[in-house]
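First the structure, in the form of structure tokens, and then the observations on it.
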Amino acid sequence: MKQANKCADMQDIRAEIDRIDETIIMLLGERFGYVKAAAKFKKTTEDVSAPERFRAMLHQRRLWAKAQGLSEEMIEKLYRDLVEYFISRELTEWANQR
């Protein structure tokens, strides 16, 4: 792992970006495992979609984005898309367990 300001050329930068992206994707896979596991604790489709939790989660991600100097809107869109996809998959998992 090289710090961004220690990269000697574009090859170094691209290698580090690839490393980070692979880590992000592995973490998303780990996150998805928890999403699937959560289905067994939910009793209704409303429990799965959990609109209040969804809103609170988006708010927290916006705060984290701001703290990192990232666009709050971009992070919200990213997480909105991600979590909406995971909710759809969790609904399928939930239905299969019934």
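Computed quantities for the displayed model
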{"item": "Alpha-carbon centroid distance for the pair region 31-98 / region 1-25, whole angstrom", "result": "28"}
{"item": "Surface/4 of the Cα convex hull for the chain, nm²", "result": "7.5"}
{"item": "Mean Cβ neighbour count within 10 Å, used as a protection proxy, ranking 26-35, 85-94 highest first", "result": "85-94, 26-35"}
{"item": "Mean Cα-pair separation over length for the chain, i.e. relative contact order, pairs under 8 Å, 6 or more apart, %", "result": "31"}
{"item": "MRE, 222 nm, helices only [DSSP H, n ≥ 4, -39500 (n - 2.57), over the chain, to nearest 500]", "result": "-26500 deg cm²/dmol"}
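Any read-out appearing in this document is the output of simple, stated calculations on the displayed coordinates, not a laboratory observation. Just so it is clear, the model here is predicted, and its values are computed rather than measured. As a convention, Cβ positions derive from the backbone with ideal geometry for all residues, glycine included, and neighbour counts pool all protein chains shown.
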